[in-house]
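The values are calculated or read from the model by the stated rules, or taken from the named source; none is laboratory data. Computed from a predicted model, the values in this text were never measured in an experiment. Glycine gets a Cβ as well: all are built from the backbone with ideal geometry, and neighbour counts include every protein chain shown. Surface accessibility is based on the protein's heavy atoms, side chains included, excluding ligands, DNA and RNA. Shrake-Rupley method; radii C 1.70, N 1.55, O 1.52, S 1.80 Å.
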Amino acid sequence: VQLVESGGGLVQAGGSLRLSCAASGRTFTTYGMGWFRQAPGKEREFVAAISWSGGSTRYADSVKGRFTISRDNAKNTVYLQMNSLKPEDTAVYYCAADRQGGGGSWYGRYEYWGHGTQVTVSS
C-alpha cells in the first residue's frame, strides 16, 4: 500500500483545513487508517483513527470535538477535517494503514506510512 497525503498548508488560528490521504491497492477497504502528527522537536503523536468499515473512530483528547476522520472506500481515500485550528496543531501530518483493520492510537500497529503534509497554524 502506498499512501499520499495532501491538503496541508498555512492557516490562521480558528481556521479549517481538510487533509486527504490517497491509498493505492485493492486492499484499502480492509485496512484501518490513522492520522499522526509530529511537531519540531517532539515525538510523533496520535491524532485520529478509523476502522476498515468506518464504523469506529477514535481521537486524541487534544483534537476531540475539532477534528473529524472519515473515509471513502470507493475512492481509496481517508480524510481529516480540521476545524478551530490552534497554533499548537502545527506539525507534519502523516496517514498510516493498519492491516489488522481496527485502527488505533499506537503507532506500532501501522505497517504503512505516507511522507506527510505540513500544517502550519499562525496566531
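Does VAL78 qualify as being among the aliphatic types (A, V, I, L, M), open to solvent by less than 20 Å² (accessible area, probe 1.4 Å) and part of a strand (DSSP E or B)?
Considered against the rule, which asks whether it is among the aliphatic types (A, V, I, L, M), open to solvent by less than 20 Å² (accessible area, probe 1.4 Å) and part of a strand (DSSP E or B), VAL78 comes out as yes.
Being polar (S, T, N, Q) and at pLDDT 95 or above, is that true of even one residue in region 93-106?
no
Here are some conditions: (1) part of a strand (DSSP E or B); (2) more than 22 Å from SER123 (Cα to Cα); (3) open to solvent by 50 Å² or more (accessible area, probe 1.4 Å); (4) not small (Gly, Ala, Ser). TYR94 meets all but one. Which one does it not meet?
Exception for TYR94: condition (3).
Please name all residue pairs, on different chains or six or more residues apart, with Cβ atoms under 8 Å, provided the first residue is in region 82-95 and is of a type in the set (Gly, Ala, Ser) and the second residue is part of a loop (DSSP other than H, G, I, E, B) and open to solvent by 50 Å² or more (accessible area, probe 1.4 Å).
Every condition considered, the pairs that remain are SER84/GLY14; SER84/SER16; ALA91/LYS42.
So for region 15-31 (the condition being open to solvent by 50 Å² or more (accessible area, probe 1.4 Å) and within 15 Å of LYS86 (Cβ to Cβ)), does at least one residue qualify?
Yes, region 15-31 has at least one match.
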